[in-house]
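*Asks:* Questions regarding the structure given below will be posed in turn.
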Amino acid sequence: MLNPRIIPLLLVGIALPILGCGGPKSPEDVVKEATYASRDGDLDKLERLMAPAEFRAMLQATGGNREQLAQAMRHSSEQVQLEDLRIVNTQIDGDSATVEVELVTGQGRVRAPTYLRKIRGEWRVTSPPASGGARRGRR
């Protein structure tokens, strides 16, 4: 079974970019792209998909060493062996969204939320909200 403490990192870090450019991205698209960029250690793309403060905090965990962070992400994805990522539910409340994702790995399945906030008109992965997240369902 997966350690619940690594779930947020996994959600922001496992697979290949599958979405092309163009048009505004939905919260679901951002979660998928961020997960895939993280798996590949693509920090440039991940930085564009995360809220700036959250990306800086993640980078500071490695003393600001981008290559060390990228290697750690690639190593984590090798250990987890992501087989599938499924969007289970999306809730949007104004400029906040919660996307519940099911990860299927070599070690089993796990569901966890990913939180997003609209920043300058674009959805970005962010920390969990203090008040419990988006409430209105969509899907």
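None of the figures in this text is laboratory data; all of them are computed from the coordinates on show. Note that the structure is predicted; figures quoted are calculated from it, not measured.
*Asks:* If the chain between residue 89 and residue 74 were fully stretched, how many nm would it gain, using 0.36 nm times the residue separation less the Cα-Cα distance?
*Replies:* Working it through step by step, the gained length comes to 2.7 nm.
*Asks:* Scan around residue 42 for amide H atoms under 5 Å from its own, H built in the peptide plane at 1.01 Å from N, and keep only partners 5 or more places away or cross-chain.
*Replies:* Counting only residues 5 or more places away or on other chains, the set is empty.
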